[in-house]
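Chemist: Dropping the structure in here first, questions after.
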Amino acid sequence: MQIVVAGLSHKSAELALREKFALLSFSDIAQKIKSSPITDAVFLSTCNRFEIYASGFAGGVDGPEVLLSFFEDLIGKTSSREDIYLYSGLEAVSHLLKVASGLDSLVVGETEILGQVKEAYERAKSEGLTGKIGNILFQRALYVGKKVRSETGISVGQTSVASVAVELAQSIFGNLSESSILVLGAGQMAELMIRHLVTKKSPKILISNRTRERAEALARNFRAVVWPWENRQEALEEVDIVLSSTGSPELVITKEMVESSLKNRRGRSLFMVDIAMPRDIEEEIHHLEHVYLYRLEDLEHIVAKNLEGRSAEISKAKEIIESKTAEISQWFKALKEGRELSFKHSDRPKAPRTAAG
């Protein structure tokens, strides 16, 4: 029995490299796995990481080496092995539990990652990529992720990339109630950003999305204005802030578009925050006068500030993960010996803690 994870994240690889993996399609990766010696796998792709978890290999091959080679081949070996982390056995188990619990995220304690892990597992299972070990492993990871959030205060405060993006905008403008904001995208991250903007009493929120119906549905919920996708360059002439999080494989805001909009801005500063993966906004924009672009990496100093005062809760989360990793280890041992060993579910997650708790 071999359990291995290979991956790269905001901790190990530059954004440009992570971007290449973000462009890979689910169907292509699934087909490659099916034609490889890997027999039990789940792959996870988010704005800050790309990982493949493998719990089964055919033909008695060297699991870690097979997975590492498979990982490199996905983008033609343009990545360096120094950028890829590789864990096996209980280290791989512990890593998955940390990921599901939000301990390995850019924003420690973020709530989105648990849903992303669940979605990755369910898609792999529906595609027939998982086996007994992988199913048990990911079901336990989801359980542990919920337990950590309900029994510790790790998720109290600004705990998502979306909320940190809005906090960054507020740190620049002070009072957002006087600012006009363009949100590009209508997915989960875009909705989260709008929810946080509403709490800041932003007077004018424009939503622009390639599929207008999705933008309209989101705008109705928050009394925002829908802006035509094809006219987004014109919006750049009016707004103070652009928050972008689309699923586009190509740039949606180019240097040329912004440069053209500056003629009618009359020297007013334009602040842009891009949390998409792959990136939505051309990086060369930051060379333009009065234009300021912030990317995922630029959110790290705010993240570090949010970690202050939460060290005790992080320690509690690590204790839970250590305990549950040991339980999984015992289950593996029993399975290897041909015994049946059930996990205890008596320790159901308690009621979620509040900021005051």
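Readers should treat all values here as calculations from the given coordinates under stated rules, not as data from a laboratory. Source: prediction; values computed, not measured. Positions of Cβ are generated from backbone atoms using ideal geometry, with glycine treated the same way; all protein chains shown enter the neighbour counts.
Chemist: Using 1/(1 + (r/R0)^6) with R0 = 22 angstrom and r between the beta carbons of Gln233 and Ser177, what's the FRET efficiency to the nearest 0.05?
Modeler: After rounding, the FRET efficiency stands at 0.25.
Chemist: If R₀ is 41 angstrom, what is the calculated FRET efficiency for the pair Lys333 and Ser150, using the beta carbon separation as r and rounding to 0.05?
Modeler: 0.90
Chemist: Let me ask something additional. Between Ala58 and Lys316, what is the FRET efficiency for a Förster distance of 56 Å, r being their Cβ-Cβ separation, to the nearest 0.05?
Modeler: Step by step, r from the Cβ atoms, then E = 0.90.
Chemist: Something else: Show me 12-22, 237-247 ranked by packing, highest mean number of other Cβ atoms within 10 Å first.
Modeler: Highest mean packing first, the order is 237-247, 12-22.
Chemist: Next question. Assuming 0.890 mPa s and 25 °C, estimate D for the chain with Stokes-Einstein, Rh taken as the Kirkwood radius over Cα pairs, in µm²/s.
Modeler: It comes out at roughly 113 µm²/s.
Chemist: Related question: For the stretch 5-46 and the stretch 263-313, compute the distance between their C-alpha centroids and round to whole Å.
Modeler: 26 Å
Chemist: Next question. Can you give me the orientation-averaged projected area of the convex hull built on the Cα atoms of the stretch 161-304, in nm²?
Modeler: So the mean shadow area of the Cα hull is 7.7 nm².
Chemist: If you don't mind, another one. With the contact rule set at Cα under 8 Å and sequence spacing of 6 or more, what percent relative contact order holds for the chain?
Modeler: It comes to 17 percent, rounded to a whole number.
Chemist: Right, next: Subtracting the Cα-Cα distance from 0.36 nm times the residue separation, let me have the gained length for Leu90 to Arg123 in nm, one decimal.
Modeler: Separation in residues times 0.36 nm, less the Cα-Cα distance, equals 9.5 nm.
Chemist: Straight distance only, please: which lysines reach the Cα of Lys34 with their own Cα at less than 24 Å, same-chain residues fewer than 8 apart left out?
Modeler: Lys20, Lys77, Lys118, Lys125, Lys132
Chemist: Show the residues, 5+ positions off or on another chain, whose built amide H is closer than 5 Å to the amide H of Tyr294.
Modeler: Under 5 Å from the amide H of Tyr294: Met272, Val273, Asp274.
Chemist: Next up: Suppose every Lys and Arg Cβ carries +1 and every Asp and Glu Cβ carries -1, with no other charges. What dipole size does the chain come out with about its Cα centre, to the nearest 20 debye?
Modeler: Using Cβ point charges on Lys, Arg, Asp and Glu, the chain gives about 1380 debye.
Chemist: Over the stretch 208-260, what is the relative contact order in percent, taking alpha-carbon pairs closer than 8 angstrom and at least six residues apart?
Modeler: Averaging sequence separation for qualifying contacts and normalising by length gives 30 percent for the stretch 208-260.
Chemist: What share of all Cα pairs of the stretch 72-164, in percent, falls into each consecutive 10 Å distance bin?
Modeler: Percent of pairs per bin, in order: 15, 38, 36, 10, 0.
Chemist: Next question. Residues in the stretch 81-95, backbone N under 17 Å from the label point at Ser69 (7 Å along the Cα-to-beta-carbon vector): list them, ranges by number please.
Modeler: Counting backbone N atoms under 17 Å from the label point, the list is 81.
Chemist: If a/c stays under 1.5 just call it rounded; otherwise compare a/b with b/c (prolate if a/b is bigger, oblate if not). Do that for the stretch 219-295, with a ≥ b ≥ c from the square roots of the Cα gyration tensor eigenvalues.
Modeler: oblate
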